[in-house]
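A.B. asks: Just passing along the structure, written as structure tokens.
A short reminder: the numbers here are calculations on the coordinates, not readings from a lab. Owing to the predicted nature of the structure, the values given are computational and were not obtained by experimental measurement. No Cβ is skipped: glycine too gets one built from the backbone with ideal geometry, and neighbour counts run over all protein chains shown.
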Amino acid sequence: MATNMQTAESAEESPTETVLSAKITIRGAEIESDEDLTVYGRFVEGKVRVRRLTLKPGAVVSGQVVAQEIRSEGTVEGNITAEQIILYRGSLLVGEVKCEVLGVQPGSTIRARVDADVSQQIEEGAPRKAAAQPAGCDADFLERGGLRLIGGKVV
């Protein structure tokens, strides 16, 4: 019995990730979690509120998105609020975007209105995690031609 209880306690303490596979399409739903969400499929016309949202190539998330961090190789469209958004080659960002940090790699596309100084809105809206420097906007990202936008200025 003690072993099972220790296992359950350990599982509660460790961060977990939810994955939506490429063959899944979800319409009109709401996902809210303090954990990470990785999307390979399609999440259309819904609400997503997670700690970290990762979109793999071909993934689509459409609707209202609130996250501490978004890393995209797919398509994100709608009303998007995040402390940090990293767009990798092949990604598409469409809609109204509010973020503190926007990392853009060559080959990504932005068709959005971007407000890049919204730290108070982020704190009120998304689950928090400790973040030192913008992960994904490191020297290697910048050397490959990526741009970093912080507080409305390209750095």
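A.B. asks: Report, by residue number, each residue of the range 67-94 that is touching a Pro at 6+ places or on another chain (Cβ under 9 Å) and closer than 19 Å to residue 18 by Cα.
C.D. replies: 67, 68, 69, 73, 74
A.B. asks: Another question about this same structure. Collect the residues in the range 37-62 that are part of a strand (DSSP E or B) and surrounded by 21 or more Cβ atoms within 10 Å (Cβ to Cβ), keeping them in residue-number order. Even if it seems obvious, please write down each step before you answer.
C.D. replies: Here is the first cut: in the range 37-62, the residues part of a strand (DSSP E or B) are 37-39, 42-55, 60-62.
Passing the criteria: 37, 39, 43, 48, 50, 52, 53, 54, 55, 61.
A.B. asks: Right, something else. Among the residues of the range 74-89, is there at least one that is under 13 Å from residue 110 (Cβ atoms), touching a strand residue (DSSP E or B) at 6+ places or on another chain (Cβ under 6 Å) and of a type outside the set (A, V, I, L, M, F, W, C)?
C.D. replies: yes
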